[in-house]
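Asks: Quick one: the structure is below, and I'll ask about it shortly.
The values are calculated or read from the model by the stated rules, or taken from the named source; none is laboratory data. What you see is a predicted model; the values in this text were computed from it and never measured. A quick note on method: Cβ atoms are made from the backbone with ideal geometry, for glycine too, and the neighbour counts reach across all protein chains shown. For the accessible areas, the whole protein counts, side chains as well, though only heavy atoms, and no ligand, DNA or RNA atoms are used. Shrake-Rupley method; radii C 1.70, N 1.55, O 1.52, S 1.80 Å.
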4 protein chains.
Amino acid sequence: MKATVTVMLKPDVLDPQGGAIGRACASLGYEGIRDVRQGKIFEVKLDATDEAAARRVVLELAEKLLANPVIEDFQLEKLED
Amino acid sequence: MKATVTVMLKPDVLDPQGGAIGRACASLGYEGIRDVRQGKIFEVKLDATDEAAARRVVLELAEKLLANPVIEDFQLEKLED
Amino acid sequence: MKATVTVMLKPDVLDPQGGAIGRACASLGYEGIRDVRQGKIFEVKLDATDEAAARRVVLELAEKLLANPVIEDFQLEKLED
Amino acid sequence: MKATVTVMLKPDVLDPQGGAIGRACASLGYEGIRDVRQGKIFEVKLDATDEAAARRVVLELAEKLLANPVIEDFQLEKLED
């Protein structure tokens with residue numbers, strides 16, 4: 001199976017990288033861009049026949065290895081065969 | 001509207017960061033993890049009433065500011081109101 | 001001039017990416033690795049003849065665009081002609 | 001010992017993130033900024049009494065786990081007790 005996990009800074013944590021991209025958009029003439037936030041995405045390929053088990057493993061990994069839950073939110077976006 | 005763009009290294013480009021996470025998974029006892037690849041995700045809030053226009057702007061930005069098309073693939077994952 | 005700025009998570013902020021690399025090192029047989037932390041580095045080329053002015057501009061940029069001072073420390077590592 | 005390794009995209013590889021920061025600088029009124037490039041920095045703490053051995057281990061790790069030598073250059077910046 002293939003799991004897709006996203007990790008974003010929590011909404012109240014300033015994201016200077018995203019902010020720089022937002023400003024750069026404006027300087028290129030894209031005036032309608034109001035906000036950009038940058039995060040990380042992980043594609044995890046795993047051996048699992050059982051969707052519930054795969055979900056459990058991936059969420060555990062996300063919490064231990066992919067995200068810092070104090071400043072970041074993570075989400076299992078997709079779980080595909 | 002809110003657009004979500006993902007940027008991943010092309011499949012034939014080595015991703016050492018993803019590889020390190022894959023190895024770390026194994027060392028934590030998650031034996032079923034076969035491969036991890038890490039990418040970037042961008043959430044872009046923009047003023048646009050027309051979906052086609054929003055899509056065009058975001059894809060242009062992705063190509064100019066978010067990704068290096070020589071080594072990375074980008075994709076507009078979602079476009080939400 | 002060329003300025004080099006480093007941005008690291010503050011020492012008390014968990015760094016899961018660095019942690020994953022540390023575990024991966026151990027799994028590759030490098031037993032002496034005790035800790036890895038990952039940060040960002042920026043090389044900024046700027047027109048400035050006066051070192052003091054360059055330093056001031058770069059530190060201002062670092063605080064506004066490169067780092068989130070709540071969770072990250074930044075440092076001007078080098079300033080070269 | 002503590003080793004500091006930097007990883008930058010090779011000079012001929014486009015760096016859109018750095019480019020966005022450069023444009024953002026200009027849009028904030030910093031007109032003298034000519035170019036920004038973004039890379040990664042790793043601080044590795046390791047048990048080693050012998051500087052030559054530490055250097056060898058860290059360079060090996062950098063090549064295997066920290067950088068993709070096809071598109072990135074890495075450098076051992078510092079090795080401190």
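Asks: By how many nm would the segment from A:D73 to A:D35 lengthen if fully extended, with 0.36 nm per residue of separation less the alpha-carbon distance?
Replies: Stretched fully, the A:D73-A:D35 segment lengthens by 11.9 nm.
Asks: Net charge near D:A24: determine it from the other residues with C-beta under 12 Å of the C-beta of D:A24, scoring Lys and Arg +1 and Asp and Glu -1. Show your work: numbers first, answer last.
Replies: On the way: positive: A:R23, C:K64, D:R23; negative: none.
That sum, taken over residues with Cβ under 12 Å, equals +3.
Asks: Let me ask you something else. If you plug each phi of segment A:64-81 into the Karplus form 6.51 cos²θ - 1.76 cosθ + 1.60 with θ = phi - 60°, what whole-Hz ³J(HN,Hα) values come out, in order, with x for Gly and Pro?
Replies: 8, 10, 9, 10, 9, x, 6, 10, 10, 9, 10, 8, 7, 7, 9, 9, 10, 6
Asks: Nearest 500 deg cm²/dmol is fine: what mean residue ellipticity at 222 nm does chain C get from its DSSP H runs of n ≥ 4 alone, each adding -39,500 (n - 2.57), divided by its residue count?
Replies: After summing the helix terms and dividing by residue count, I get -8500 deg cm²/dmol.
Asks: With contacts defined as alpha carbon pairs under 8 Å and 6 or more residues apart, what's the relative contact order of chain C in percent?
Replies: Here the relative contact order equals 53 percent.
Asks: OK, next. Return the inverse of the average 1/r over all pairs of distinct C-alpha atoms in chain D, which is the Kirkwood hydrodynamic radius, in Å to one decimal.
Replies: 14.2
Asks: Carbon and sulfur together cover what percent of the accessible area of chain B at a 1.4 Å probe radius? Provide the component values of the computation, followed by the final result.
Replies: On the way: 1830 of 3850 Å².
Of all accessible area on chain B, carbon and sulfur atoms account for 47 percent.
Asks: Here is a further query. May I ask for the net charge around A:P11, where only other residues with Cβ less than 10 Å from the Cβ of A:P11 are counted and Lys, Arg are +1 while Asp, Glu are -1?
Replies: Cβ neighbours under 10 Å give a net charge of -1.
Asks: If you don't mind, there's one more thing I want to ask. Put the label 7 Å from Cα along Cα→Cβ for C:R34; what are its distances to the other copies, in nanometres, shortest first?
Replies: 3.9, 4.3, 5.0
Asks: What is the total of Lys pairs in chain A with C-alpha atoms under 14 Å apart, excluding same-chain pairs fewer than 8 positions apart?
Replies: Counting lysine pairs in chain A gives 4.
Asks: Counting only other chains, and only Cβ atoms inside 10 Å, what mean value do you get across the residues of D:64-72?
Replies: The shielding value for this peptide is 6.
Asks: Among DSSP beta bridges whose residues both lie in the protein assembly as shown, state the antiparallel percentage, nearest 5.
Replies: So the antiparallel bridges in the protein assembly as shown amount to around 100 percent.
Asks: Provide a whole-number value for the mean count of partner chain Cβ atoms within 10 Å of the Cβ atoms in peptide C:51-59.
Replies: 1
Asks: Taking a point 7 Å out from Cα toward Cβ as the label site, list the nm distances between A:D73 and the same residue in every other copy, smallest first.
Replies: 2.8, 3.1, 4.1
Asks: Here's something else I'd like to know. Assign unit charges at the C-beta atoms only (+1 for Lys and Arg, -1 for Asp and Glu), then state the dipole size of segment B:1-76 relative to its Cα centre in Debye, rounded to the nearest 20.
Replies: Computed charge dipole of segment B:1-76: roughly 140 debye.
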